[in-house]
1. Which residues, taken from segment 15-31, are surrounded by 12 or more Cβ atoms within 10 Å (Cβ to Cβ) and of a type in the set (A, V, I, L, M)?
2. Quick one: is Ser81 hydroxyl-bearing (Ser, Thr, Tyr), at pLDDT 95 or above and within 30 Å of Glu6 (Cβ to Cβ)?
3. Test of understanding: among Ile92, Ile83, Ile99, which residue is surrounded by 12 or more Cβ atoms within 10 Å (Cβ to Cβ), in contact with a strand residue (DSSP E or B) (Cβ under 7 Å, 6 or more places away or on another chain) and not in a strand (DSSP E or B)?
4. Out of segment 1-43, which residues are farther than 30 Å from Lys65 by Cβ, outside any loop (DSSP other than H, G, I, E, B) and among the basic types (Lys, Arg)?
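The values are calculated or read from the model by the stated rules, or taken from the named source; none is laboratory data. As the structure is a prediction and not an experimental result, all values here were calculated from the model. Using ideal geometry, Cβ is built from the backbone for each residue, glycine included, and neighbour counts are taken over all protein chains shown.
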Amino acid sequence: MPSRLERYERAYRALAAELAGLGFISQGSVVVRYTSCGKPGCRCQADPPRRHGPYYQWSRAVAGKTVSRRLTESEAELYRSWIANRRRLEEIVARMEQISAAAGELLLRQVSPPKATRAAKR
């Protein structure tokens, strides 16, 4: 039966392998917008209104300011997958940090025994 440290190492390596196959990443979000114009008699002014669109927009923060870019539908799909990859990257890194902390505790205990044990030996 593998030790806890071996299980941590195996889980860590599996996460690292998943990182290797992740693909491109991007921050931000993609939204779909429908708009109304001000032209009288336009379909967007009808009852019920039929707005113009869909328009795809990618927004992200750059130096503390929101920056947006209009996209085609196919570009929006690419950005959605890149944004999903970034979210998965963040999940993987967070999990790797958790595993590292747990493995680190085990390794530290192997290097220096608990203080109570040292005090009892004196």
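1. Within segment 15-31, Leu15, Leu19, Leu22, Ile25, Val30, Val31 qualify.
2. Numbers: hydroxyl-bearing (Ser, Thr, Tyr): yes; at pLDDT 95 or above: yes; within 30 Å of Glu6 (Cβ to Cβ): no.
Against the criterion (hydroxyl-bearing (Ser, Thr, Tyr), at pLDDT 95 or above and within 30 Å of Glu6 (Cβ to Cβ)), Ser81 does not qualify.
3. On inspection, the qualifying residue turns out to be Ile83.
4. Answer for segment 1-43, where residues must be farther than 30 Å from Lys65 by Cβ, outside any loop (DSSP other than H, G, I, E, B) and among the basic types (Lys, Arg): Arg4, Arg7, Arg10, Arg13, Arg43.
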